[in-house]
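Below is one structure, written out as structure tokens; the observations come after it.
The values are calculated or read from the model by the stated rules, or taken from the named source; none is laboratory data. Quick caveat, the model's predicted, so the values are computed rather than measured. Note that we place each Cβ from the backbone using ideal geometry, even for glycine, and neighbour counts take in every protein chain shown.
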Number of protein chains: 2
Amino acid sequence: MTSDIPEVVINRLPLYARALTTLAAAGETVVSSQTLGEQLDVTPAQIRKDLSYFGRFGKQGRGYNVDDLLDRLREILGLDRSWSVCVVGIGRLGQAILEYDGFAQQGFDTVAAFDAAPDVAGRTIQGIEVRSMDDLEDYLTSEQVDIAVVAVPAEAAQAVVDRLVESGVHAILNYAPISAHVPEGVSIRQIDPVVMMQGMTYYLKELAPNAS
Amino acid sequence: MTSDIPEVVINRLPLYARALTTLAAAGETVVSSQTLGEQLDVTPAQIRKDLSYFGRFGKQGRGYNVDDLLDRLREILGLDRSWSVCVVGIGRLGQAILEYDGFAQQGFDTVAAFDAAPDVAGRTIQGIEVRSMDDLEDYLTSEQVDIAVVAVPAEAAQAVVDRLVESGVHAILNYAPISAHVPEGVSIRQIDPVVMMQGMTYYLKELAPNAS
């Protein structure tokens, strides 16, 4: 099933699940693809097409049952279980990530942290002991870690990604400002606010081409 | 020109610029679309097609002149000037954003910060005075702010986005975990690490469907 479904479709499913969670919390029991689409700036046709990869949902003209569709999406995405996370690089950003409670709320449990600096390794942040980078491979081969968050400086990032992959990690969230490479079969997502701003300045420039 | 070029193309240009910056720093003067593509996991054909929107670059079989292409991309994206940024919501995340020096290094100067909490407004963080949310409209209509970074809780985010748009902000980087809406002519980018993780767990689940 995996290879047949475009990654861009998979990446939209968490947005659908989040919108349905909000609707369910508000007591809504049925939602149309029209309403869901308006909330997400996606066309109703796109939503129907995306969901059609996974079977039949809803009835023509009747909309989707909110709880049923949410349950099914959570099952498809694996959100009905918890996942273990390690954070590599405990500078300012890594610390902020350890302190962020949004991951645990959604079933992403941070179980370990690593840093190369001797004065950082050994510290405990949010109940997580920061380990030495020297212990990375030993830890990853003996403990279950599903997702690694990379928050090291750019120049160290690809080497860290390589070490994670070699130790069996199959999903990486990369905050370092590089386009990191992973082999086939490993997922990686890049979070880069500067690149996102740089994609918007193109449009700002068009608005006021003579400004400086 | 703006409306003719797909947003997905615009969003790749900063990645090209970043790779070229690295190549230039390493003393490289010429690069092929093949080499650039390998660095970015983009096909050479895609790179050539993306760049063709903006004119002719490089010569068949000779590759691109690194400095020339970088200069042109910086000009196209508006990276040859600086942009002013405000941060709204100075909780843990907002503080980390104020402390992050990667924006200023790339020409994104944080000029103001806002928070609704009386005990946060009035504080100074990284030389930036945190202002009351009550002052948002006055500030934005009297000072130049190009990009707003939204780091408020989910339930407050859409209202903050609406206030920013009404005060003339045309580019928003949203860290709040909602799909925020903006009218046509305003750019918005969402940064949501949880959604990114949820798009990867689909593939993890496929790898080990029986794990729990």
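Structure values in brief
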item: Any hit, region A:46-57, residues being touching a strand residue (DSSP E or B) at 6+ places or on another chain (Cβ under 6 Å), surrounded by 14 or more Cβ atoms within 10 Å (Cβ to Cβ) and at pLDDT below 95; result: yes
item: Wholly within region A:1-54, helices (runs of 4 or more DSSP H) carrying at least 1 residues that are out of contact with any Phe, Trp or Tyr (no Cβ under 8 Å at 6 or more places or on another chain) and among the hydrophobic types (A, V, I, L, M, F, W, C); result: A:7-25, A:44-52
item: Any chance A:V150 is away from chain B (no Cβ under 11 Å), surrounded by 18 or more Cβ atoms within 10 Å (Cβ to Cβ) and in contact (Cβ under 8 Å) with a residue 12 or more places away in the chain; result: yes
item: Extreme residue, surrounded by the most Cβ atoms within 10 Å (Cβ to Cβ), among residues of region A:59-91 that are touching a residue at least 24 places away in the same chain (Cβ under 8 Å) and among the small types (G, A, S); result: A:G89
item: Some residue of region A:77-86 being over 14 Å from the mean Cα position of the chain (by Cα) and more than 19 Å from B:A176 (Cα to Cα); result: yes
item: Unique match (being assigned to a loop (DSSP other than H, G, I, E, B) and out of contact with any Phe, Trp or Tyr (no Cβ under 8 Å at 6 or more places or on another chain)) among B:A121, B:A148, B:A176, B:A156; result: B:A176
item: Unique residue being free of Cβ contacts under 8 Å to residues at least 60 places away in the same chain and within 30 Å of A:G122 (Cβ to Cβ) when the list is A:Q39, A:Q46, A:Q34, A:Q95; result: A:Q95
item: In region A:182-210, the residues that are under 20 Å from the mean Cα position of the chain (by Cα), more than 7 Å from every other protein chain (Cβ to nearest Cβ), over 20 Å from B:L13 (Cβ atoms) and not acidic (D, E); result: A:V182, A:P183, A:G185, A:V186, A:I188
item: Test for A:D162: is it more than 11 Å from chain B (Cβ to nearest Cβ) and of a type in the set (D, E, K, R); result: yes
item: Selected residue (criterion: nearest to the other protein chains (Cβ to nearest Cβ)) from residues of region B:101-118 that are part of a loop (DSSP other than H, G, I, E, B) and within 14 Å of the chain's Cα centre (by Cα); result: B:Q106
